[in-house]
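Working notes for the structure below.
FYI, it's all coordinate maths here, none of it is from the lab. Note that the structure is a prediction, hence the values are computed from the model and not measured. Please note: Cβ atoms are built from the backbone with ideal geometry, for glycine as well, and neighbour counts cover all protein chains shown.
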Amino acid sequence: METIGEGRAAFRTANGYIGMGPRAMRQGDVVVALDSGAVPFILRPKADHYLLIGECYVHGIMFGEL
């Protein structure tokens, strides 16, 4: 993860996608694209739920390409 601008950081997913998201991201967080959603989100898995970390940009999945 590399800091880009204020409050944003670059990342690469395990599948090779490149994106930008909140600096609060950690290894192990997941990127989700919700049905009919405008942007993907970063979620952090917890024992029995997920925490919403924030929205992100992921090249290749922003416009229903996934």
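Points to keep in mind about this one:
- For region 10-15, 3J(HN,Hα) per residue [Karplus equation, 6.51 cos²θ - 1.76 cosθ + 1.60, θ = phi - 60°, Hz, x = Gly/Pro]: 7, 8, 10, 7, 4, 8
- When each of the peptides 28-34, 18-24, 43-49 is scored by the mean number of other C-beta atoms lying within 10 Å of its residues, the order from highest to lowest reads 18-24, 28-34, 43-49.
- Overall, the chain carries a charge dipole of about 220 debye about its Cα centre when +1 sits on the Cβ of Lys and Arg and -1 on the Cβ of Asp and Glu, all other atoms neutral.
- Using a Förster distance of 22 Å, the FRET efficiency for residue 50-residue 14 (Cβ separation, nearest 0.05): 0.80
- Normalised size of the chain, defined as Cα radius of gyration per 2.2 N^0.38 Å with N residues, equals 1.06.
- Mean sequence separation of contacting Cα pairs (under 8 Å, at least six apart), scaled by the length of region 2-58, corresponds to a relative contact order of 28 percent.
- Amide hydrogen neighbours beyond the local backbone of residue 9, cut-off 5 Å, H modeled: 4, 21, 23
- Remark on residue 53: its backbone amide H falls under 5 Å from those of 42, 43, 44, a criterion applied only to residues 5 or more positions apart or on other chains, H modelled at 1.01 Å from N.
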